[in-house]
Amino acid sequence: MAQQGRRVVEEHQVYPVAPDLVGERGNELPDDLLAQRGRRDRDVVDQDRNVDVAVGAFCAASPAAEQPGGADHRLGAQPAGEGIPQRAGRRVGHGGGGEVHAGTQCNRRDGAAAALPRCPRQPLAAPPGAGALMPSGELLGLVLLAASTWASDVGLIGLTGAVACRPLLAVIPDRPVPATGRPPERVLVTLAGASAVVLLLGAAARLYAQTWSVFGLDEPVTLELVRVVGLESRWGARWQPQVGLAVAAAAGVVWWTRQPRGGWWMTGLAAAGSWVALPLTGHAMSGASRLPWIAQVAHGLAAGLWIGTLAAVVGVAFLLARDPAGYSRIGALVRRFSRLAIAAVAVILVSGVVSAVLYLDAVADLWSTAYGRTLLLKVGLFAATGAVGAYNWRRLTARLGEARGTRALLASARLELSLAAALLAVTAVLVHLAMPGAP
């Protein structure tokens, strides 16, 4: 139905896709955008008068949806028991907070999800695990989503590591290294600054990737579409706090350069808040329980304390190694970090097991679904990364204090960080795959 200057879309929408194409604040979209959607919708009505789910199309499950009035009529509510106009989407990934993923569906008034026929213009691939490959457009959408998520994770993990490493420096004098004139804390500020920039860029890239995954298969991504997804969608409402916290983290780093204690506190609080907000646009929000969200917060924060702090320690160690008297200081720093890393890995293990139990319907899902196989790859990379870390702790830490042992540890730590980067890449893909049993 038309309203002055706006049209209102029904609250009954596909979850998790459709709620994120319209806003919670009235579920409104601009007239011109809806008119554009409506013109395309009329082109994808098949002979059975079921509307296909090309990206952004309104769908209906009954012939009653196609009546005189065109798009305007389909925006109104249908009588009880009949198909309800929906905004559905091609889902390329999964997330209860609005990440789109491969599949087709339409909600009925009774809340059930009704499968819709494949679009004759853009046939959908079989669900992951069914032996078919994604169409190139959907694959590109998955790549965009995963790459932007990887950037966000790397930035936030680096930021967390810089913050967590500062208390560890209490065991060594914070005086400039003679060979460089730089104090160890300067390394942490540099890492935090670079990480904050990457976090901000990752947030912007995620907005573009989300917009492209919703609309880009059918039409060019415009600033108007980006604005709709970022400001007038449910996904955008959960993405906005993440951007705000990233900006706060960047401001905290600037303050850190001027007033170390206050800036460190602000950066740390922003990083902790980011870990709380990040799962809001992912798998953790796909159900009524908040246990998945708690597990994801713990999982991410622990990863930052392990991998991010390792990166910070390696950076400080490279600085200290330029001073012959710095080897003993490196040993004290690494031994203190080892205790933090062991606790963080334990939290990652527990939270990871909890998440797997919540997201998998059966053990067979591990090898019969794309989600399960990707999860197994993640577990393998986690085991390899942890094995290198354990080797560093048990074998190489004892050799610290002399140049050869320190060089061996730093080389092995670089390998651990490389494996961790690959682990984060697999995780970024995993969070955009549909969970087993997802509608």
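The values are calculated or read from the model by the stated rules, or taken from the named source; none is laboratory data. Bear in mind that the values here come from a model prediction, so they are computed numbers and not experimental data. FYI the Cβ positions are ideal-geometry reconstructions off the backbone, even for glycines, and counts take in every protein chain you see.
In the range 197-251, the qualifying residues are those that are buried (at least 18 other Cβ atoms within 10 Å of the Cβ) and of a type in the set (S, T, N, Q), and the one that is farthest from ALA271 (Cα to Cα) is SER213. Any residue in the range 246-257 that is within 15 Å of the chain's Cα centre (by Cα), in a helix (DSSP H, G or I) and either modelled with pLDDT of 95 or more or over 19 Å from SER152 (Cα atoms) (or both)? Within the range 246-257, one or more residues are within 15 Å of the chain's Cα centre (by Cα), in a helix (DSSP H, G or I) and either modelled with pLDDT of 95 or more or over 19 Å from SER152 (Cα atoms) (or both).
The residues listed here are LEU124, LEU139; of these, the one that is at pLDDT below 95, assigned to a helix (DSSP H, G or I) and either of a type in the set (A, V, I, L, M) or touching a helix residue (DSSP H, G or I) at 6+ places or on another chain (Cβ under 9 Å) (or both) is LEU139.
Quick one: how many residues across the range 351-402 are within 30 Å of GLY331 (Cβ to Cβ) and in a helix (DSSP H, G or I)?
Residues in the range 351-402 being within 30 Å of GLY331 (Cβ to Cβ) and in a helix (DSSP H, G or I): 19 in total.
If I ask for residues that are loosely packed, with under 14 Cβ neighbours inside 10 Å and touching a residue at least 24 places away in the same chain (Cβ under 8 Å), which ones from the range 374-400 would you list? Correct list: empty. Filtering the range 266-306 to residues that are over 14 Å from the mean Cα position of the chain (by Cα), assigned to a helix (DSSP H, G or I), farther than 14 Å from ALA344 by Cα and in contact (Cβ under 8 Å) with a residue 24 or more places away in the chain leaves THR267, GLY268, ALA270, ALA271, ALA272, GLY273, LEU291, PRO292.
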